[in-house]
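Below is one structure, written out as structure tokens; the observations come after it.
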Amino acid sequence: MIGWLIKNALHIRSFAISRDTPRQLAWGLALGVLLGLVPKGNLCAVVISTFILATRVNFATGMLSATVFSLLGPFADPLTQPIGQALLSHNRLEPLWVYLYDLPLVPWTAFNNTAVMGNLVLGLAMLYPSYRLSLRWFRRTRFPTEKQPRNETVAQPEELHSRR
Amino acid sequence: MIRWSYVLPRLSLVVAVYLLLTFAVGPLLKWTLIHTGETVLGSRLSIARLRASLWQSRVELNQVQLANPADAWRNLLECRSATFDLDSGELLRRRLVIHEGSIHGLIFGGERNESGKLVSTDSTDSSTRDRFQGNLATEWLSGVSDKLVHDFTGNLESVRLARELKRRWPVEFEQLQAEADQWTERVESIRQMVKQFKDLPPSNLGYYRQGLQEIDGIREQLPKLQNNVWRLNQQVQRDCVTIGKAKQRDAEYLRREFRLDRLDSDNFTEYLLGNEWSSRMNFVETWMSRGQKLLSSAGDASQLNPSRGQNICFNERERKPDLLFRSIDIDGWWRMNGIDFPFEGYLSGLTHQPKLHGQPVIIRLTTTLPTKIRIDGQLDYRGDTPVQKLVVNVPRLNQPQRLLGNADQFGIRISPGTAHVWCRLDLVDDQLTGKILFRQDHVDLTPEISGRYATERFTRNLRQRLRKLDNIQAVIDVTGTINEPNWKLRSNLGPQVAGILEHTLKEELTCRRRQLEQQAENLVNKSVLQLEQTIAAKQDKLMVELQLGKQLLARFEKQIIARMGLPTRMLSSRPLQGLLAPK
């Protein structure tokens with residue numbers, strides 16, 4: 001049973017990372033973390049999902065990390081709900097919230113929910129760190145036999161600086 | 001040159017979203033409505049078909065059935081179709097606002113093919129009970145019927161005395177007659193003896209002496225017999241006086257027994273109108289209770305919290321309700337007392353957050369067939385105390401011929417006609433107040449009385465007097481709580497009919513009493529007179545016989561003395577005693 005699971009996991013991994021660059025994989029994972037943390041059933045989750053689908057980030061890593069962090073998300077509520085409560089109850093931010101809530105479609109994001117706001121904030125805060133950490137890991141774990149993607153090569157640090 | 005690798009994924013995504021919004025919204029909305037509705041209302045909700053179009057901002061439902069929580073095999077309401085036009089602007093702001101809607105074929109209380117029970121609830125309709133019992137009037141009528149039916153003849157002292165005398169006098173007289181007959185036989189024996197003396201020589205004084213002694217002995221009995229006859233005569237006269245006094249006591253007794261207690265007119269009103277209005281009040285009470293439970297449950301929906309986190313409300317002052325039905329046109333029908341009433345109307349301001357809406361719920365329904373009924377309702381849950389008002393006006397309610405009261409005892413049959421019914425009920429929190437007015441003009445009242453005491457005279461008099469009543473008015477004052485309402489019934493019918501009934505019954509009882517008195521008088525007089533005549537005749541005859549016997553004795557004595565050869569003047573001095581005494 002365990003062997004079967006490992007075999008399929010490796011198969012998925014190889015399929016997932018076979019054609020995309022480490023950056024695509026890392027962004028997919030980071031966005032998946034964000035999607036996983038945010039409670040579902042609102043426009044926030046739909047927008048994030050759409051963004052994942054609409055961009056060229058790796059969909060598989062995104063969905064995989066979203067699944068994992070969806071299971072972990074409720075355990076983060078004791079941390080995230082106070083964050084959401086503090087932000088939504090802040091006096092100086094209230095005019096902003098009132099304005100936003102009166103806009104079309106914005107109420108469907110359920111941003112006035114403490115869990116949604118708190119997890120969104122946490123997810124956004126974890127977005128770049130998740131990307132950086134996962135990027136390093138994806139670069140280290142690329143197998144030599146894997147094909148190089150058509151439009152991208154493994155960039156050297158000097159090239160990265162020059163591109164910027 | 002088109003970059004299909006860029007366009008196609010994004011285009012497919014847009015198409016997917018479009019297809020989702022077009023085809024998936026309906027089933028999703030149907031599931032949400034059923035799930036939320038059953039949770040809020042506690043009974044099964046079924047929707048045969050639901051079509052939702054976000055582009056047209058319209059939702060259409062077909063064959064909606066909401067089961068009655070109190071009766072699993074009946075629907076609280078069902079409709080053939082319902083159409084709601086959504087306010088798209090509010091929908092974009094996550095508020096479901098129906099600015100216009102229509103519900104067609106709305107039926108209340110229809111039958112179900114399957115059980116609509118979700119979970120066992122303790123909600124039950126208010127039990128049907130007889131609020132207006134009129135038990136005092138029932139007892140009064142029972143007492144009156146006993147008076148009219150019961151045979152009091154056996155209770156009358158004079159009748160009893162007459163019967164006793166009828167039994168006793170002949171017996172006593174027969175005894176007297178027997179003694180007289182015995183005496184007469186002795187006189188006859190003297191006759192036989194005197195006949196035998198003809199053959200005896202005059203010197204046989206012993207026989208003559210015996211004969212005279214016999215005559216003296218018989219003669220001595222005569223005063224006693226005559227005294228007995230006289231005594232019996234005196235006894236008869238005394239008994240007649242006793243019967244006379246008994247008659248007076250009997251008259252007093254009958255007056256007492258046939259006295260009529262006053263009938264409680266309010267209780268009599270309940271006796272007459274109680275059955276009819278109990279069923280109507282049960283109906284009103286049931287629907288008010290259901291409505292209140294339904295709205296209380298809907299009010300609790302505003303308290304539903306999300307599964308994670310808490311929703312923070314911004315700008316409470318300008319906040320609007322999440323669900324609002326601004327105006328809905330309704331048509332359908334309901335059945336009451338076996339009659340179908342098609343109705344139409346509208347409903348406005350229905351929401352589960354009335355405080356945010358700031359307007360009460362307004363309901364207006366009208367029916368035109370078979371009679372015009374207008375119902376205006378206002379449900380105000382804006383304040384801390386909910387206030388509900390209901391006004392029902394029926395200008396011309398067809399009333400069939402019906403029986404008020406109890407045909408086995410006393411009832412009044414009302415002719416068919418039309419009545420005006422007006423009702424206002426206010427429910428503040430759970431305190432209920434209100435008034436119900438009923439008036440039916442040009443009525444013809446016919447009494448229906450149990451055959452036991454329904455004499456033609458009584459029924460005729462009652463019918464004539466009831467003709468003076470040509471309208472029925474009733475007022476029901478409502479107080480108490482929604483769970484324990486008090487209904488006080490007042491009417492012109494009770495006091496007036498009670499007065500007529502009392503008056504007619506008094507006449508009937510007086511008549512009946514006089515009949516009884518006359519009957520007793522006749523019975524007693526007949527018996528006594530007959531006895532008196534019989535005994536007087538027999539008495540006279542007896543006295544004649546005794547007198548005749550006395551004369552015979554005197555003649556026989558003369559004959560004996562003459563046979564002895566003595567002068568008749570010696571009979572008076574009786575010196576013969578010494579001569580005739582045995583030596």
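Would you be able to say whether some residue in region A:42-53 is crowded, with 22+ Cβ neighbours inside 10 Å and not hydrophobic (A, V, I, L, M, F, W, C)?
No: region A:42-53 contains no residue that is crowded, with 22+ Cβ neighbours inside 10 Å and not hydrophobic (A, V, I, L, M, F, W, C).
For region B:470-493, which positions are under 30 Å from B:SER289 (Cα atoms) and part of a helix (DSSP H, G or I)?
None; the set is empty.
Which one is farthest from the chain's Cα centre (by Cα), of the residues in region A:85-99 that are surrounded by 14 or more Cβ atoms within 10 Å (Cβ to Cβ) and within 9 Å of another protein chain (Cβ to nearest Cβ)?
Only one residue fits best here, namely A:GLU94.
Of everything in region B:243-292, what is under 15 Å from B:ALA520 (Cα atoms) and out of contact with any Ser or Thr (no Cβ under 6 Å at 6 or more places or on another chain)? Give them in sequence order.
B:GLY244, B:LYS245, B:GLN248, B:ARG249, B:ALA251, B:GLU252, B:TYR253, B:LEU254, B:ARG255
Which one of B:ASN315, B:ASN398 is over 30 Å from B:LEU263 (Cα atoms), surrounded by fewer than 16 Cβ atoms within 10 Å (Cβ to Cβ) and within 14 Å of chain A (Cβ to nearest Cβ)?
So the residue among B:ASN315, B:ASN398 that is over 30 Å from B:LEU263 (Cα atoms), surrounded by fewer than 16 Cβ atoms within 10 Å (Cβ to Cβ) and within 14 Å of chain A (Cβ to nearest Cβ) is B:ASN315.
Every residue in region B:55-77 that is crowded, with 16+ Cβ neighbours inside 10 Å and not in a strand (DSSP E or B), please.
Scanning region B:55-77 gives B:SER57, B:PRO69, B:ALA70.
Checking B:LEU260 against (1) surrounded by 14 or more Cβ atoms within 10 Å (Cβ to Cβ); (2) assigned to a helix (DSSP H, G or I): exactly one of these is not met. Which one?
Going through the list (1) surrounded by 14 or more Cβ atoms within 10 Å (Cβ to Cβ); (2) assigned to a helix (DSSP H, G or I), B:LEU260 breaks only (2).
Taking region B:78-114 as the search range and keeping residues that are of a type in the set (Asp, Glu) and assigned to a strand (DSSP E or B), which one is farthest from the other protein chains (Cβ to nearest Cβ)?
B:GLU111
Can you confirm whether region B:453-469 contains a residue that is in a strand (DSSP E or B) and either touching a residue at least 60 places away in the same chain (Cβ under 8 Å) or over 30 Å from B:VAL391 (Cα atoms) (or both)?
No; the residues of region B:453-469 include none that is in a strand (DSSP E or B) and either touching a residue at least 60 places away in the same chain (Cβ under 8 Å) or over 30 Å from B:VAL391 (Cα atoms) (or both).
Within 8 Å of chain B (Cβ to nearest Cβ), in contact with a helix residue (DSSP H, G or I) (Cβ under 9 Å, 6 or more places away or on another chain) and not small (Gly, Ala, Ser), is that true of A:PRO82?
Judged against the criteria, A:PRO82 is not a match.
Please list, ordered by first then second residue, the pairs with beta carbon atoms under 6 Å, 6 or more apart or interchain, first in region A:95-115 and free of Cβ contacts under 8 Å to residues at least 40 places away in the same chain, second among the aliphatic types (A, V, I, L, M) and in a loop (DSSP other than H, G, I, E, B).
Cβ pairs passing all conditions: A:ASN112/B:ILE312.
Condition first: within 9 Å of chain B (Cβ to nearest Cβ), β-branched (Val, Ile, Thr) and either within 17 Å of A:VAL121 (Cα to Cα) or over 17 Å from the mean Cα position of the chain (by Cα) (or both). Can you find one or more residues in region A:50-71 that meet it?
Checking region A:50-71: not a single residue is within 9 Å of chain B (Cβ to nearest Cβ), β-branched (Val, Ile, Thr) and either within 17 Å of A:VAL121 (Cα to Cα) or over 17 Å from the mean Cα position of the chain (by Cα) (or both).
If a residue must be over 17 Å from A:GLY32 (Cα atoms) and at the interface with chain B (Cβ under 8 Å from one of its Cβ atoms), how many such residues does region A:118-140 contain?
Residues meeting the conditions: 0.
FYI, it's all coordinate maths here, none of it is from the lab. Remember, predicted model here, so these are calculated numbers, not experimental data. Cβ atoms come from the backbone with ideal geometry, glycine included; neighbour counts cover every protein chain shown.
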